[in-house]
Amino acid sequence: MYRFLLSRQWVILTLIALVLIPTMIELGFWQLHRHEDRVAQNAQISEALDAEPVPAERLTSPGHAVSHDERYRRVSAKGTYDTEHEVVVRRRTNSDDEIGFHVLTPFVLDDGKVLLVNRGWIPANGPQTAFPKVPPAPKGELTVTGRLMADETSAKSGIKDLQGLPDRQIMLISSGQQAHSLGKQVLGGYIELTAPEPASGTPQPIGEPEHGDIGPHMAYAVQWWLFCAGVPIGWVILVRREVRDRAAAADESAPEATPAAV
């Protein structure tokens, strides 16, 4: 009755089912791991943002690569802005997805080292080839507070064309690049300024990173596992239907019995 399972059509169908089952299981675990990574990342960001600010030089130093656990840590520093060597970072968006610049201003510490401060976003208020009009930074000595961030890389951003930019414009924030440009010791990474806030409201402060949404990955994992469970169930249903259809066809083709002679 089940010899039809050896036919070419059913062999191929069975092999496809056998391949789909482990594939869907693996895809489910992949989504589960993404969910776990997202939860861990949210917890790390939340913990970093809730921590009290520490001196910047306690977490970073010239040439230091900011680690994953150090990202978003709140740090503070005392010094003065060096607006003469201020640069802008191209192709940056605000919360409304408007394209403009980030303003990157060197902040000279009391010991002479430099901390790069991303003061926030400004609109592209002129030709892209000219240095934009930037709201002035506060003068004199002050204390700044911000979220510590790692240097940006072309591999991470996908940006490859870093040459031929207009004067005082950059594509990526790199403490090493700025150290070479300034000829000074620059602390690794940079900070996104949170205090003091600009009196005029510009540059627009960069908002906190998203850390409340866990995403749909757990739901996707469950979906893949349900699909996986559906494969053998569907295979059994198709087999039983085939058996039933073949039995019905056999009954219809069977010759009718001849009445016995009296």
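The values are calculated or read from the model by the stated rules, or taken from the named source; none is laboratory data. Bear in mind the structure is a predicted one, so any value in this text is a computation, not a measurement. No Cβ is skipped: glycine too gets one built from the backbone with ideal geometry, and neighbour counts run over all protein chains shown. Remember, those area values only see protein heavy atoms, side chains included, never the ligands or the DNA or RNA. Shrake-Rupley method; radii C 1.70, N 1.55, O 1.52, S 1.80 Å.
Counting only other residues whose beta carbon sits under 14 Å from that of Phe107, what net charge do I get with K and R as +1, D and E as -1? Display every interim value, and only then the final one.
Details: positive: Lys78, Lys113, Arg119, Lys139, Lys184; negative: Glu57, Asp82, Glu84, Glu86, Asp110, Asp111, Glu141, Glu192.
Its environment carries a net charge of -3.
Rounded to the nearest 0.05, what FRET efficiency do Thr83 and Glu47 have when you use their Cβ-Cβ distance and R0 = 41 Å? Don't skip to the end; give the middle numbers.
On the way: r = 34 Å, r/R0 = 0.83.
Result of the calculation: an efficiency of 0.75.
Given contacts defined as C-alpha pairs under 8 Å and at least six residues apart, what's the relative contact order of the stretch 97-204, whole-number percent? Kindly include the intermediate steps, with their values, before the conclusion.
Numbers: 158 pairs, mean separation 39.5, N = 108.
37 percent.
Could you bin all the Cα-Cα distances of the stretch 165-262 into 5 Å bins starting at 0 and give me the percent of pairs in each, rounded to whole numbers?
Cα pair-distance distribution for the stretch 165-262, in percent: 2, 8, 7, 7, 9, 7, 5, 5, 5, 5, 5, 5, 4, 4, 4, 4, 3, 2, 2, 2, 2, 1, 1, 0, 0.
Please compute the net charge surrounding Ile233, taking Lys and Arg as +1 and Asp and Glu as -1 over other residues with Cβ under 13 Å from its Cβ.
Working: positive: Arg240, Arg241; negative: none.
Residues close to Ile233 contribute a combined charge of +2.
For the stretch 140-250, report the accessible area per residue in Å² (1.4 Å probe, heavy atoms, rounded to an integer). Please report the intermediate quantities before stating the final value.
Working: 6470 Å² over 111 residues.
Per-residue accessible area for the stretch 140-250 comes out at 58 Å².
How much length, in nm to one decimal, is gained on full extension between Thr145 and Glu57, taken as 0.36 nm per residue of separation minus their Cα-Cα distance?
Working: separation 88, 0.36 × 88 = 31.68 nm, distance 1.26 nm.
Length difference between fully extended and current span is 30.4 nm.
Can you tell me the accessible area per residue over the stretch 6-73, all protein chains present, probe 1.4 angstrom, in square angstrom? Mind dumping the intermediate values first?
On the way: 4420 Å² over 68 residues.
For the stretch 6-73, the solvent-accessible area averages 65 Å² per residue.
Per the Kirkwood treatment, what hydrodynamic radius in Å, one decimal, follows for the chain from the mean inverse distance over all distinct Cα pairs?
Radius from the Kirkwood sum: 23.3 Å.
So which GluC sites (Glu not before Pro) in the stretch 15-100 are both in a DSSP loop and have at most 15 other Cβ atoms within 10 Å of their Cβ?
Details: sites: Glu26, Glu36, Glu47, Glu57, Glu70, Glu84, Glu86, Glu98; in loops: Glu70, Glu86, Glu98.
Listed in order of number, the matching sites are Glu98.
For an R0 of 45 angstrom, estimate the FRET efficiency from the Cβ-Cβ distance between Lys133 and Ala229 and round to the nearest 0.05.
Details: r = 61 Å, r/R0 = 1.36.
With R0 = 45 Å, the Cβ-Cβ based efficiency is 0.15.
Considering only protein heavy atoms and a probe of 1.4 Å, how much of the accessible area of the chain is carbon and sulfur, as a whole percent?
Carbon-and-sulfur percentage of accessible area, whole number: 56.
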